[in-house]
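Q: Attaching a single structure in C-alpha cells format; questions to follow.
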Amino acid sequence: MKTTVVPFGPQHPVLPEPLVLDLILQDEKVVDAIPTIGYIHRGLEMMVERVEYTEMGFVVERICGICSFMHGMGYCVSLESIMGVEIPERAAWLRLIWAEISRIQSHLLWLGLGADAFGFENLFMHCWRMREEILDIFEKTTGGRIIHSVNRIGGVKRDMSDTELAAILVQLQDLGKEFKKTAHVFGTDPSINHRLGGVGILSMEDAAAVDCVGPMARASGLAVDTRLAGKNYYDRIEFEPMVETAGDCLARVVVRMREIEQSIDIIRQAIEKMPKGDDQALEIRPRGNPQGEVFTRLEQPRGEVLYYVKANGTKNLERFRARTPTFANIPAMIKLVKGSDLADVPNIILTIDPCISCTER
Amino acid sequence: MANPLTLPMVPRALKNLFSKPATRRYPYEIRERFDGARGTIEYNVETCNYCMLCARRCPAAAITVSRENGYWAIEHLTCIGCNVCVEVCSKKSLTMSKNSKPVHTRADVGPQGQRPGHEEWYKPVPEPGE
C-alpha cells in the first residue's frame with residue numbers, strides 16, 4: 001500500500017515544546033515514526049566549563065521551567081556527595097517538601113494540558129487554577145514562582161516557619177479535597193473514557209524492554225520509583241509507588257492523579273517528622289574545590305533523572321550530564337505510536353509528558 | 001457514570017452562577033506580590049564601600065563596579081534575580097525589592113552600548129569644605 005509522510009511538529013496544538021515526528025502512514029494507521037530532536041538545544045552542559053561550580057546551580061535550574069526545583073536539587077546533591085558534605089536535617093526535609101510540591105505542580109500542569117489536548121477545555125482551566133495556588137505557595141516560600149533559586153551546595157537558603165508549614169499543609173489538603181472532584185470527572189466522564197481508554201496500550205513486558213521510567217512505567221504495572229532507594233530522606237517516609245496495570249492513556253492519567261494525593265500525604269508526613277524550631281542551621285559551607293565523579297538519581301515528576309558530574313579539583317567542573325526522563329521514555333512513545341490511528345497520536349505523545357527542554361538542554 | 005436523569009450538574013451550575021470568578025480583572029486589579037518575592041535589586045549608594053564582592057559573585061555578570069571612580073551599575077535585563085549579591089553584600093547596600101521593573105517598550109542603547117534597563121550610580125561628590 002502507498003505510504004504518506006505526515007510531519008508532526010515542531011509546532012502542533014498539543015505540543016508546548018518543539019518535538020518533531022515524521023509519521024509514516026498507511027491509510028489512517030501509523031506504520032512508523034521517526035523522531036527528531038534538537039530544536040531547542042542550548043548547550044547548557046557545555047557551560048559547565050566556563051561557569052564556576054557554585055554558579056552552575058543557577059544554570060542547571062534553568063534547564064526546564066517545570067522541574068526546575070528538582071534540577072537544582074539534583075545538581076546540589078551531586079556536588080554534596082562529591083565533596084562529602086552532610087547537609088543539615090531541616091534543610092533536607094525542606095528540600096523534600098519543595099520537591100513534592102513541585103511534583104504536584106507538574107502533574108496539575110500536565111493534567112490541564114492533557115485535558116486541553118483531548119478537547120475538554122473546562123477541565124484544563126480547573127487544573128490550572130489549582131496549579132496557580134501551588135505557584136503562590138512557591139512564591140511565598142522561595143521567592144520565585146518558577147525559578148526558585150533556594151538550593152545551594154550544602155543546604156538551602158530559605159526557611160519556612162512552623163506556622164507557615166502548618167498553613168501550607170492545610171492549604172494543600174483543601175486543594176486535595178477540591179482536586180478529588182476534578183479527579184472524579186477524569187475518572188468517570190464517558191467522553192474521556194472513550195478518548196483515552198484502551199488507547200496506546202503499553203504492556204508490562206514492553207515497558208520493561210524499552211526501560212520506561214516514572215508514571216509511564218507505573219501505569220504499565222512496573223513498580224519502579226527512584227524514591228524507593230531511600231535517598232534524600234525518602235527512607236523516613238512511608239509510601240508505595242502508585243501502580244496501575246492497564247497501561248493505556250487513561251491509566252497514565254490515573255497514576256498522575258493518584259500521585260498528587262500521595263504527594264500531599266508525603267508532605268504531611270515530612271512536616272510531622274522534621275525537627276521543629278525556626279532557628280536551625282540550613283546551610284553548611286563546603287570548603288575547597290570538588291574532586292571526583294558521581295552519579296545521582298532522583299525521581300522527578302516525569303520519572304527518573306540521572307546526573308553525572310565529574311570534577312577535577314578546579315573551580316570549573318569537567319563534565320556535567322543530565323539524562324532526563326523524557327529521553328528514556330521516547331523509545332516507548334515510538335513503540336506506542338506505531339500501529340495507532342493518526343487521531344490518537346497527539347494523546348499518546350502527551351501522555352508520556354514530554355519535556356523537550358529537559359531532553360535537549 | 002452518574003445518571004443524567006438525576007441532574008448531577010445542577011448543584012455545580014448553581015454554585016458557578018453565584019460564586020466569584022476564579023480570575024482577576026488583571027489590568028485594573030493587580031495582585032500584590034508576596035513578602036520575600038524576588039523582584040528587582042535596589043542599591044544604596046550611600047553605604048556601599050565598592051568591595052566588588054557582588055560583581056564577582058554575580059552568576060550573570062550583570063553588575064559592574066569600579067572602585068577608583070566610585071561607580072556601581074547593573075543591567076536589569078541581564079540580572080536573573082538569584083539574590084546572591086544581596087546575600088554577599090557586607091554593608092547591606094543591596095536589597096531585593098519584591099516588585100519587578102515594568103517592561104521596556106523602547107530599546108535605546110546608551111553611548112557606551114548600555115542596554116535598556118541599565119542603571120548606574122556614582123559616589124556622591126563631597127560637599128566643599130568637609
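Q: To the nearest whole number, what is the average tally of beta carbon atoms from other chains within 10 Å of the beta carbons of peptide B:16-22?
A: That works out to 1 on average.
Q: Once the Cβ-Cβ distance between B:LYS123 and A:MET125 is put in as r, and R0 is 45 Å, what FRET efficiency do you end up with, to the nearest 0.05?
A: Efficiency, rounded to the nearest 0.05: 0.25.
Q: Right, here's the next one. Taking K and R as +1 and D and E as -1, what net charge do the other residues with C-beta under 12 Å from the C-beta of A:GLU240 add up to?
A: Taking every Cβ under 12 Å from that of A:GLU240, the sum is -1.
Q: Just the projected area, averaged over all directions, of the convex hull on the alpha carbon atoms of segment A:251-308: how many nm²?
A: 6.6 nm²
Q: Let's see if you can work this out: charge +1 on each Lys and Arg Cβ, -1 on each Asp and Glu Cβ, no other charges. What is the dipole magnitude of segment B:1-99 about its Cα centre, in debye to the nearest 20?
A: The calculation lands at about 500 debye.
Q: Starting from segment A:32-130, pick out the trypsin sites (Lys or Arg not before Pro) whose DSSP state is loop and whose Cβ has at most 12 other Cβ atoms within 10 Å.
A: Those satisfying the criteria are A:ARG50.
Q: Quickly work out the A:ARG42-to-A:THR188 label distance, labels modelled 7 Å from Cα along the C-beta direction, and quote it in nm with one decimal.
A: 4.3 nm
Q: Of the DSSP beta bridges with both residues in the protein assembly as shown, give the percent that are antiparallel, rounding to the nearest 5.
A: Of the beta bridges lying entirely in the protein assembly as shown, close to 100 percent run antiparallel.
Q: If you don't mind, there's one more thing I want to ask. Between A:GLN269 and B:ALA60, what FRET efficiency comes out of the Förster formula 1/(1 + (r/R0)^6) with R0 = 56 Å and r the beta carbon distance, rounded to 0.05?
A: Efficiency for this residue pair is about 0.90.
Q: How big is the C-alpha Rg of the protein assembly as shown next to the rule-of-thumb value 2.2 N^0.38 Å, as a ratio?
A: Against the empirical 2.2 N^0.38 Å value, I get 1.07 for the protein assembly as shown.
Q: Something else now. What's the exposure ranking of A:THR326, A:THR3, going from fewest to most Cβ atoms within 10 Å?
A: Ascending number of Cβ neighbours within 10 Å: A:THR3, A:THR326.
Q: Using the charge dipole of chain B (Lys, Arg: +1 at Cβ; Asp, Glu: -1 at Cβ; taken about the Cα centre), state which of B:GLN114, B:LEU17, B:ALA37 has its Cα farthest towards the positive end.
A: Selected residue: B:LEU17.
Q: How big is the dipole moment of the protein assembly as shown about its Cα centre under a simple scheme where the beta carbon of each Lys and Arg is +1, that of each Asp and Glu is -1, and everything else is neutral? Debye, nearest 20, please.
A: My answer is approximately 400 debye.
Q: Given the alpha-carbon gyration tensor of segment A:207-361, what are the semi-axes of its equivalent ellipsoid in whole angstrom, ordered largest first, with each equal to the square root of 5 times an eigenvalue?
A: Semi-axes, largest first: 33, 23, 12 Å.
Q: Also, I was wondering about something else. Residues in segment B:91-130 near a label at B:ARG24, defined as backbone nitrogen under 17 Å from the 7 Å Cα→Cβ point?
A: Only B:98-103 pass the distance filter.
Q: Lys and Arg at +1, Asp and Glu at -1: add these up for the other residues within a Cβ distance under 11 Å of B:GLY110 and post the number.
A: In short, -3.
Q: Need one value for B:71-79: mean number of C-beta atoms belonging to other chains within 10 Å of its residues' C-beta atoms.
A: 0
Q: Here is a follow-up. Run the simple label-point estimate for A:ARG319 and B:LYS91 please: 7 Å along Cα→C-beta, distance reported in nm.
A: 4.6 nm
Q: Taking Cα atoms of chain B, Rg/Rh with Kirkwood Rh, to two decimals?
A: 1.30
Q: Among A:GLY38, A:GLY57, A:GLY154, which one shows the highest mean-square fluctuation when chain A is modelled as a Gaussian network with alpha-carbon springs under 10 Å?
A: Its mean-square fluctuation being the largest, the pick is A:GLY38.
Q: When all alpha-carbon pairs of segment B:61-100 are counted, what percent fall beyond 10 Å?
A: Percentage above 10 Å: 75.
Q: Using the Cα centre of the protein assembly as shown as origin and beta-carbon charges of +1 (Lys, Arg) and -1 (Asp, Glu), tell me which of A:HIS12, A:THR296, A:ILE134 is placed farthest towards the positive end of the dipole.
A: A:ILE134
Q: Enumerate by residue number the GluC sites (Glu not before Pro) in segment A:55-159 meeting two conditions: DSSP loop (anything except H, G, I, E, B), and at most 13 other Cβ atoms within 10 Å of the site's Cβ.
A: A:GLU86
Q: Here are some pairs, A:LYS157/B:LYS98; A:LYS310/A:LYS335; A:LYS231/A:LYS335; A:LYS157/A:LYS276; A:LYS157/A:LYS231; A:LYS140/B:LYS92; which of them have Cα atoms lying more than 25 Å apart in this structure?
A: From the list (A:LYS157/B:LYS98; A:LYS310/A:LYS335; A:LYS231/A:LYS335; A:LYS157/A:LYS276; A:LYS157/A:LYS231; A:LYS140/B:LYS92), the Cα-Cα distance tops 25 Å for A:LYS310/A:LYS335; A:LYS231/A:LYS335.
Q: With a 10 Å radius around each residue's Cβ, average the other Cβ atoms per peptide and rank A:328-335, B:65-72, A:342-349, highest first.
A: Listed from highest to lowest mean packing, they are A:328-335, A:342-349, B:65-72.
Q: Subtract the Cα-Cα distance of A:ALA166 and A:ASP136 from 0.36 nm times their separation in residues, and report this length gain in nm to one decimal.
A: 9.2 nm
Q: Can you pull the mean other chain C-beta count within 10 Å for peptide B:28-40?
A: Other-chain Cβ atoms within 10 Å of each residue's Cβ, averaged: 3.
Q: How many nm is it between the label spots at B:ASN44 and A:VAL31, if each spot is 7 Å from the Cα in line with the beta carbon?
A: Reported label-point gap for B:ASN44 and A:VAL31 is 7.4 nm.
Bear in mind these aren't lab numbers, they're just calculated from the coordinates by the rules spelled out. No experiment lies behind these values; they were computed from the predicted model shown. Cβ: placed from backbone, ideal geometry, glycine included. Neighbour counts: every protein chain shown.
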